[in-house]
Structures are given as structure tokens and as C-alpha cells.
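Report on one structure; see the data block that follows.
Read-outs: derived from the displayed coordinates by stated rules, not from any lab. Since the model is a prediction, treat every value here as computed from it, not as a measurement. Cβ coordinates were reconstructed from backbone atoms using ideal geometry, including for glycine residues, and neighbour counts include every protein chain displayed.
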Ligand SMILES: [Zn+2]
Ligand SMILES: [Zn+2]
């Protein structure tokens, strides 16, 4: 069972995205790239190199439903006729568009994001929709944790690795401890923990960073020898990455805690202090990161949080 990485251009800040052809019966594509002419052409070129046509693809598996990973899923599926598309059920919020749902916007309002900023973020994500086709719920098959994707020779085990998004999944070939991890593992820096409604109770926030730490530890139990991420080069030393990520997360947490003044403040204010230069496009990511770290610090008993006129105000535990 050969895993063939194909790098595709994206119009996004993150740069090219990696998709993976599993060159084995049934022919499977993990992630698709964004819905752009450039990505589409690069994908076809990559497949041609393997003597594969889009119409030969039988299965399209999505690590998560961000535009750079899922954008071409529908058109490829249509071209491949009966190819099935698989994604984790918890990706609903993302694949149906971010910030279109009032509950999602409420989470931002509670974090202290001004209405005008929320509206700007919503418009930005509306613009992003052109890079991906949305699917109806019944058009997806469900990726279940611990399920096996079977091939004539070998299998990939589905590991639900939430954090970057609630429904992010990784795929483990246990025979040689190779992992395809989507945006759960990126060689350079930990991925952004996107602010998302909790799939179980959408009035709550998904505890993205706490879940992410569990996912990193879970992947570690497989003692990976090679990890293929969603962007950038593969990772050969997972242990080094694991420790580096934990250090980076702890350092960021300490910084976030230091940015909370005695009088208390909102996640939005913390995000502006962390990333004062951030332009419109990245303010959602900045507030996502602040919220994720504040939530984790709160759940670890390092900060207090209080509701004040509909907004969460984080506070130091002790005066001093
Ligand atoms: Zn992503
Ligand atoms: Zn990505």
C-alpha cells in the first residue's frame, strides 16, 4: 500500500497543502486541495504521474473540512461517479460554513469581539466559501474513531484527533507506524485551535486546546516513525515534535496569563495584545488562539472567569 504525497498550491497564507493518494485498491485520496484551477491542475498532474485518473478514485477521505483540504471534494466525487466521501461527524460546523450560524457568532461576542469585527469575520469567511463546495449531510459517510479503512493490501486505522477542528482525523498504518495527520501535525508550529461550537452542545465552546493535547498524546502511543502533515515536510522525529509543541503551548500559556490585568479582561483584548499587528483576515485566528489558551488556563485552575454583561472576563486568581 503506497502513500503518495501530492503538493497543491493554495491561495492562503499557509502555502501549499499536501494531499495523499493511497495507490492501492480501492483507490483513495486523502484530502483534495482547495477549489481553484491551480490546485485542480496540480492534482491531475500528480495523479497522472501515478497513472491514475480522477474517475478511478473510489474513496475520498477528509482529514477535516477546511477549504484548503476539502475544496475539490464534491467535483472530484461527481467526476469519479460513485466514490464515497468520508469525514468525521463533528466537522459539520466547518463544512457547512463558519460564522453563518448565530451560535457561532455568539461565542465570539461572549469573548468580547465587537459586533463590527464579528461582521467583518463573517464576511471574510463568506468569501472563503468559493474555495469549497458544501455538501448536504446525507452526502457524507462517517469516519469513526478506530474504524479501519481497508485496502487489498493493508489498512489505515482512523484516529479521531480533535483540536485544530473538532472533527479532525488522522490515519495510522500500524505495520510501519506511518501516520497521515492532516493539520494535527505540522512540522513548524502547532496548528491554530479554531474557535468552534462544541458539537455535543453548540451553545458551548469546543475545548480545542485541551482536546489537542490529548490528540498529540494519543498519536504518541503509536510511536510514529513518519508523520505526513497537511502542510510542509513530513516529520521523522515525532518525539522531538511532541516535546517542542508542548513547550511552545506552555510558553504561550504563560504569556497569555501575563496579559490578563488585575482588573480582568476579555479574550478579544488578550488577542489584540498578543497580535497587535494582525490584519482583518487573521483576527479570527488570533482570537481563537487567545480563547483556546485562556480556556485551558481556566480549566487548569490558573485563571478565573466571570460573566459580565454577556461577556467573559478573565481574571487573575490572586492579587499580587
Ligand atoms: Zn485546517
Ligand atoms: Zn490546512
Just for the chain, what percent of DSSP beta bridges are antiparallel, to the closest 5?
70 percent
The stretch 1-108: antiparallel bridges as % of DSSP beta bridges, rounded to 5, reads 60 percent
Per residue Cα convex hull volume for the stretch 105-173, in cubic angstrom?
139 Å³
For an R0 of 51 angstrom, estimate the FRET efficiency from the Cβ-Cβ distance between residue 233 and residue 308 and round to the nearest 0.05.
0.65
Above 23 Å lies some portion of the pair distances; for the stretch 199-320, what is it as a whole percent of all C-alpha pairs?
41 percent
What is the distance in Å between the Cα centres of the stretch 44-89 and the stretch 190-236?
23 Å
Would you mind checking the tilt of helix 115-128 against the longest principal axis of the Cα atoms of the chain, expressed as 0 to 90 degrees and rounded to 10?
10 degrees
If you wrap a convex hull around the alpha carbons of the chain, what volume per residue comes out, as a whole number of Å³?
124 Å³
Taking the chain as the reference, fit the longest principal axis to its C-alpha atoms, fit the long axis of helix 37-49 to the helix C-alpha atoms, and give the angle between the two in degrees, 0 to 90, nearest 10.
40 degrees
Please list, short to long, the whole-number percent of alpha-carbon pairs of the stretch 1-132 in consecutive 10 angstrom bins beginning at zero.
13, 40, 28, 13, 6, 0
Using only the Cα atoms of the stretch 115-236, what are the Rg and Dmax in Å?
16.3, 54
Between helix 280-299 and the chain, what is the angle of the helix's C-alpha long axis to the longest principal axis, kept within 0 to 90° and rounded to the nearest 10?
70 degrees
Express in nm, to one decimal, how much length is gained between residue 49 and residue 82 on full extension, taking 0.36 nm for each residue of separation and deducting their alpha carbon distance.
9.6 nm
Checking rank on 1-10, 143-152, with mean other Cβ inside 10 Å and highest first, the result is 1-10, 143-152
Fraction of antiparallel bridges per DSSP, the stretch 111-232 only, in percent to nearest 5:
75 percent
